[in-house]
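In what follows, a structure is listed as structure tokens, so that the remarks can point back to it.
The values are calculated or read from the model by the stated rules, or taken from the named source; none is laboratory data. These numbers come from a predicted model, not from an experiment. Cβ placement follows ideal geometry from the backbone for every residue including glycine, while neighbour counts extend to all protein chains displayed. Only protein heavy atoms, including side chains, enter the accessible area calculation; ligands, DNA and RNA are left aside. Shrake-Rupley method; radii C 1.70, N 1.55, O 1.52, S 1.80 Å.
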Amino acid sequence: MTESSANWLLYDGECPFCSRYVVHVRLREAVGPVTLANAREYPQLVDEVRRLGYDVDAGMVLKLNGRYYHGADCIHALALLTTPAGWFNRINSLVFRSRAFSRFAYPILRAGRNLTLKLLGRSRLDQRSAAANSSPGT
């Protein structure tokens, strides 16, 4: 995958909600080839979005045809892009096709993600990279 030109959806693979969401959203059926990229396995993509000012801990990032969508804008775009096949996509489209509702609901979803990671004993991405950057020999 050429990160700078490919279509991808960057998400936190340690988050059970994010991982299930990207599986159920059926993005490939709607837009064709797209990489579902676990941020913990694609540090080069995390670096790319950080250089652009996006925080993966604050939201998923979709890169589609050279345009970036982050957080609430990402789930709003996904709701508009995905096929109506399946109950999940129908509900997703109904709930997040409104940009205003997506912006209202996304901070609540993110808080649930952060709490879940804490309860499961999993680190946020920024904590992981801070630990890696402060390790001896770096």
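Overview of values
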quantity: Checking Thr83 against (1) touching a His at 6+ places or on another chain (Cβ under 9 Å); (2) in a loop (DSSP other than H, G, I, E, B); (3) at pLDDT below 90, the condition it does not meet; calculated: (1)
quantity: Residue satisfying condition, being open to solvent by 50 Å² or more (accessible area, probe 1.4 Å) and in contact with a helix residue (DSSP H, G or I) (Cβ under 9 Å, 6 or more places away or on another chain), within set Arg40, Arg90, Arg26, Arg51; calculated: Arg26
quantity: Some residue of region 62-78 being outside any helix (DSSP H, G or I), modelled with pLDDT under 80 and under 23 Å from His24 (Cα atoms); calculated: no
quantity: Region 64-81 residues that are free of Cβ contacts under 8 Å to residues at least 60 places away in the same chain and open to solvent by 50 Å² or more (accessible area, probe 1.4 Å), paired with ones that are part of a strand (DSSP E or B) and hydrophobic (A, V, I, L, M, F, W, C) (beta carbon under 8 Å, 6 or more apart); calculated: Tyr68/Val61; Tyr68/Leu62; Leu81/Leu64
